[in-house]
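The values are calculated or read from the model by the stated rules, or taken from the named source; none is laboratory data. Just so it is clear, the model here is predicted, and its values are computed rather than measured. Glycine also receives a Cβ, built like all others from the backbone with ideal geometry; neighbour counts cover every protein chain displayed. Heads up: the accessible areas ignore ligands, DNA and RNA and are worked out on the full protein's heavy atoms, side chains in. Shrake-Rupley method; radii C 1.70, N 1.55, O 1.52, S 1.80 Å.
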Amino acid sequence: MPPCCADAQRSKQQGRGDAYARGEEVGVAVEGSAFDTDGFPIVVANERGPIDNNATVRFKNVNVKLDYSPTDRVQTFVRTGYFSENRGNGKILEVNDTRWKSLSGGVRVRMPDESDLQARVFTDVEHFHSTFLAVTNSTTLRNIVRLATDQRVPTNGVGGMVQWSRALGRSNYFSAGTDWRWVDGDSQEDAYIAAPGAVVPPVQQAVLSVQRVSGGTQRSLGAFVQDIVRPLPNLTLTLAARVDHWRNYDAHNLETNYPSGTPTANDRRFPDTDATVASPRIAAIYHVTDRVNVWSSLSRGFRAPSLNELYRSFVVGTVRTNANELLGPERLTGGELGVSVAPTRAITVRTTWFDNRVKNPVSNVTISQVGANVTQQRQNLGRTRIRGVQSDVEYRIGTVWTFSAAYLYNQAKVEAFVANPALVGKFLPQVPTHRGSVHATYSDPKYAIVTFGVQALGAQFDDRRLFVIPNRAFKNSARRDILLRLLLVKRILLRYSMSVEYLL
């Protein structure tokens, strides 16, 4: 069960340009993207005040990859990247920004016995900065704000993997390997209170009161094996398993009063923790005919709580979310059954039924509320169940036009939670029951690739009060993304795509 690739996280880059050149042994690829917007208001018009402005985002991203193949049996690569983002949060003086630098490299070797050996290493350095401003008169004119928290979050990570694969006979392909990762991070916060003296709108002066540094280090190590077997000409089985061990150490919440430097009641260090988890998987696909395929899978998985969830607390508006150093891993047991049918060469229809049961999922749980001030804490939420059906259809006209539509029916509910039985039977927050999308694509590499898509989301539940978020609150919140891409491979290929999302 090899580790997953993280390349998909940049799937919505705007203003993207790609350049690629290759010789017989060396290849160079350069990819860049940029996005800027004037934003949109996030407070309804009848409540908006002088402190409110448009929420904005501006980012740029550059990646450079170098490939080198000294022989037909050896392939190597080096990749480096830089990402920066600046956002306005919809209030004057409230901003956050991110800087992320990455470097990775790898080698793949075809051994004398025709087995395949590959290894990769990576490192990344990220710095996040954010300010939080309190609206001191939100129930009246929204014309006064005050700095509440100034937060900086530096993180560093290093990791790698090694995998060996070989065909065993004509119907068996075996893989085994290991991966590891080390990450260290801190949340460095300066907390402010209102300064004495007169208040002159729109900004109330603030003074530093508490300084805190919370974080820790996490080290994880995993090993996996996978065997792909074809016992029958039309049947393929996948048998896989992996074991993971992780350890959290040097965890702390160092909190001192300012300017005295005396520790607060929350100043403490946390004990080291570690755990080991096994995750098996079995899957099968059967080719009934050239146009009908049936597949199924059963698996167990896990997710270790992150340093962010364990040790970093944060505030958004009037909602404070506390970390929880006692969080345990999430465990998932899931299965799916699907069928793919191509009634004609131009049409493909796929339907998948899934049922996933999660033990101890990490969720934000409200533990107190006083007026508009809400305190939440990350907790393991007993058990949840996520099940439903996903269907999509694709229709191709000629060689350049493709039309597709997809629908997801998703039931995600709490099944058990000893700490708060009132949550049992409730939907998980921010998970709509219905999702749908349609896309139309024109694709001719000689001229252009143009895609237009519309996505619709159904009603979803609020994470605090456990009732449906009114649809009308989002009717004017449609998101329009315009994507312009340039690809240079001995010629320039212009790509233009647009996606529009509506919450119904």
Counting only protein heavy atoms and rolling a 1.4 Å probe, one gets per residue an accessible area for region 307-347 in Å² of 46 Å²
Ignoring ligands and nucleic acids, Phe427 exposes an accessible area, probe 1.4 Å, in Å² to the nearest 10, of 40 Å²
Please work out the ratio of the alpha-carbon Rg of region 355-435 to 2.2 N^0.38 Å and round it to two decimals.
1.59
Positive minus negative residues near Thr273 (Lys, Arg vs Asp, Glu; Cβ under 10 Å)
-2
By accessible area of protein heavy atoms, probe 1.4 Å, what ranking do Trp353, Trp100 get, highest first?
Trp353, Trp100
Any idea of the accessible area per residue across region 115-159, 1.4 Å probe, to the nearest Å²?
43 Å²
Long-range amide H partners of Ala195, meaning residues 5 or more apart or on another chain whose placed amide H is closer than 5 Å, are Gln205, Ala206, Val207
Most positive-pole-ward Cα, Pro112, Phe122, Val57, against dipole of region 29-158 from beta carbon charges
Val57
So for the chain, if I pair up every lysine 8 or more residues apart or on another chain, how many of those pairs have alpha-carbons under 24 Å apart?
14
Region 173-228 accessible area per residue, 1.4 Å probe, protein heavy atoms, integer Å², reads 48 Å²
Dipole moment magnitude, nearest 20 debye, the chain about Cα centre, only Lys, Arg, Asp, Glu C-beta charged
1080 debye
Name the residues whose placed amide hydrogens come within less than 5 Å of the amide hydrogen of Ala416, ignoring near sequence neighbours (fewer than 5 apart) on the same chain.
Arg383
Among Leu310, Ala265, Thr276, whose Cα projects farthest towards the positive end of the dipole of region 245-315, with charges put on the beta-carbon of Lys, Arg (+1) and Asp, Glu (-1)?
Thr276
Ser368 accessible area, assembled protein chains, probe 1.4 Å, Å²:
50 Å²
Positive-end extreme of charge dipole, the chain - chosen from Ser340, Ala416, Ala223 (charges on Cβ)
Ser340
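How much mean residue ellipticity at 222 nm does the chain get from its helices, if each DSSP H run of length 4 or more adds -39500 (n - 2.57) and you divide by all residues, to the nearest 500 deg cm²/dmol?
Result for the chain, helices only: 0 deg cm²/dmol.
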Run the dipole for region 357-424 about the Cα centre, Lys and Arg Cβ at +1, Asp and Glu Cβ at -1, nothing else charged, and hand back the magnitude in debye, nearest 20.
280 debye
Only Lys, Arg, Asp and Glu count, each charged at its Cβ (+1, +1, -1, -1), so figure out the dipole size of region 299-351 about its Cα centre, rounded to 20 debye.
200 debye
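Of the trypsin sites (Lys or Arg not before Pro) in region 93-174, which ones lie in a loop per DSSP and count no more than 11 other C-beta atoms within 10 Å?
Arg170
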Env charge @ Pro201, Cβ radius under 12 Å, K,R +1 / D,E -1, value +2
Find out how many positive minus negative residues lie around Ser115, taking Lys and Arg as positive, Asp and Glu as negative, among other residues whose Cβ is under 12 Å from that of Ser115.
+1
Restricting attention to region 299-378, which trypsin sites (Lys or Arg not before Pro) occupy a DSSP loop and are surrounded by at most 10 other Cβ atoms within 10 Å?
Arg345
Using amide H atoms built 1.01 Å from N in the peptide plane, name the residues 5+ places from Gln376, or on other chains, whose amide H lies under 5 Å from its own.
Arg320, Thr321, Asn322, Ile367
Which value, in Å² and to the nearest 10, is the accessible area of Tyr407 when all protein chains are kept and the probe is 1.4 Å?
100 Å²
Computing the accessible area with a 1.4 Å probe over protein heavy atoms, can you report the carbon and sulfur percentage for region 108-207?
60 percent
